[in-house]
Amino acid sequence: MTVFADLHTHSTASDGQYRPAELVRMARERGIEVLALTDHDTLEGLDEAVLAGKDLGVRVLRGVELSARERRTFHILGYGFGEQAPQLQALCCDMRRRRERRGLEIARYLAAKGVPVAISEVQELAGKAAVGRPHFAQVMVRRGYVSSPQEAFSAYLDTEEYHRRVGWDKPSARACIEAIRAAGGIASLAHPYQLGIADDRLEALTAELAGYGLGAIECFYPRYTDRQAALYRRLAQRFGLYQTGGSDFHGERIKPEIRLEAVALELPWLPAQEEI
């Protein structure tokens, strides 16, 4: 089944700019037939997105993007699980507690760098979402410490010193995959290039993840080079994985260079419509 889809998007339920329903409306305007809401380590926006999809004629997949501990920027996407997902929900609740602890560490780190940011202001901006680095970046722009969220990351929130000093306790990749599969979903390796490892190590990692039940790999992504995309398609074929893809849209205020994108995808694993 070939559809126009974007299977990697974020809303205000995590660190995106738009509410889930707004995101669905934007997807319809972009000609997207299937949208997956994949907020970081939370399922909180899914009901709103699914209801909006029914109203607007966009098929919304329940999704999530889980952070794994083994490597920096190691993310596992989950798709197509049911409304009842107790193991996955428990993992996300635990991740929220971990994110809250990390938020306090980030505030202490920034204060030590001469960039005092009140955690209360960051929490107010985040609303019901768990506090993340993009929320700190937006407050830093608001306070005039940096000119853009990108500068906040390059100067403070994604430096080697930051990663040495700010802890981030995450579950294992295997635990992420198993929680997604226990909920009846399919797990996909997100943006493999961000792992920053050589091709042979990526191949070995993909084999390991496939052994845990990984079902797909993100083969379409706006920042891939042609060589990277070809490599990920080869890995999908070698290990019998489905090919997924998406924009990683957060909103123009947060990632101005990324737009919602209707990608033509073959999705033979797509659940029956009545299961969404």
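The values are calculated or read from the model by the stated rules, or taken from the named source; none is laboratory data. Note that the coordinates shown come from a computational prediction; the quantities given were computed from them, not determined experimentally. Backbone-built Cβ (ideal geometry, glycine too); neighbour counts: all protein chains shown. Accessible surface is based on the protein model in full, side chains and every heavy atom, while ligands, DNA and RNA are left aside. Shrake-Rupley method; radii C 1.70, N 1.55, O 1.52, S 1.80 Å.
Within segment 11-65, the set of residues being over 14 Å from the mean Cα position of the chain (by Cα), part of a loop (DSSP other than H, G, I, E, B) and of a type in the set (Gly, Ala, Ser) comprises Gly31, Gly57.
Right, Ala107: hydrophobic (A, V, I, L, M, F, W, C), open to solvent by less than 50 Å² (accessible area, probe 1.4 Å) and touching a residue at least 60 places away in the same chain (Cβ under 8 Å) or not? For Ala107, the condition - hydrophobic (A, V, I, L, M, F, W, C), open to solvent by less than 50 Å² (accessible area, probe 1.4 Å) and touching a residue at least 60 places away in the same chain (Cβ under 8 Å) - is not met.
Matching residues to (1) among the charged types (D, E, K, R); (2) over 23 Å from Arg97 (Cα atoms):
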site	(1), (2)
Gln138	no, no
Glu151	yes, yes
Ala155	no, yes
Asp158	yes, no
Tyr162	no, no
Trp168	no, no
Pro171	no, no
Arg181	yes, no
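Give the residue that is modelled with the highest pLDDT, with candidates limited to residues of segment 92-109 that are under 15 Å from the mean Cα position of the chain (by Cα) and not charged (D, E, K, R). Only one residue fits best here, namely Cys92. Cβ-Cβ contacts under 7 Å between residues 6 or more apart (or on different chains), taken from a first residue in segment 42-63 that is under 17 Å from Gly246 (Cα atoms) to a second residue that is aromatic (Phe, Trp, Tyr), are listed as Leu61/Tyr79; Arg62/Phe81; Gly63/Tyr79. Number of residues in segment 155-177 that are in contact with a Leu (Cβ under 9 Å, 6 or more places away or on another chain) and within 29 Å of Tyr79 (Cβ to Cβ) equals 8.
Do we find that Ile197 is aliphatic (A, V, I, L, M) and within 17 Å of the chain's Cα centre (by Cα) in this structure? No.
Every test in (1) touching a helix residue (DSSP H, G or I) at 6+ places or on another chain (Cβ under 8 Å); (2) surrounded by fewer than 21 Cβ atoms within 10 Å (Cβ to Cβ); (3) not in a helix (DSSP H, G or I) is passed by Gly78 save one, and that test is (2). For segment 20-45, the tally of residues that are within 20 Å of Gln89 (Cα to Cα), of a type outside the set (Val, Ile, Thr) and open to solvent by 10 Å² or more (accessible area, probe 1.4 Å) stands at 3. Of all residue pairs spaced 6 or more apart or on separate chains, those with beta-carbon atoms under 8 Å, a first member in segment 189-203 that is on the phi > 0 side of the Ramachandran plot and a second member that is surrounded by fewer than 18 Cβ atoms within 10 Å (Cβ to Cβ) are His191/Thr73; His191/Arg223; Gly196/Arg71; Gly196/Arg72; Gly196/Thr73. In segment 52-75, the qualifying residues are those that are charged (D, E, K, R) and touching a strand residue (DSSP E or B) at 6+ places or on another chain (Cβ under 6 Å), and the one that is farthest from Ala36 (Cα to Cα) is Glu65. For segment 133-152, the criterion of being open to solvent by less than 60 Å² (accessible area, probe 1.4 Å), closer than 21 Å to Thr42 by Cα and either modelled with pLDDT of 95 or more or among the aliphatic types (A, V, I, L, M) (or both) is met by at least one residue.
A search for C-beta distances below 7 Å between a residue of segment 127-151 that is in contact (Cβ under 8 Å) with a residue 24 or more places away in the chain and any residue that is part of a helix (DSSP H, G or I) and of a type in the set (S, T, N, Q), counting only pairs 6+ apart in sequence or on different chains, returns Val131/Gln123; Pro149/Gln138.
If a residue has to be assigned to a loop (DSSP other than H, G, I, E, B) and closer than 26 Å to Pro256 by Cβ to count, how many in segment 93-117 make the cut?
From segment 93-117, those assigned to a loop (DSSP other than H, G, I, E, B) are 113-117; that's our starting set.
Remaining after also requiring closer than 26 Å to Pro256 by Cβ: 113, 115, 117.
Total satisfying the criteria: 3.
Evaluation of Gln123 against the conditions (1) of a type outside the set (Val, Ile, Thr); (2) open to solvent by 60 Å² or more (accessible area, probe 1.4 Å); (3) farther than 30 Å from Gly144 by Cβ shows that the sole unmet condition is (3).
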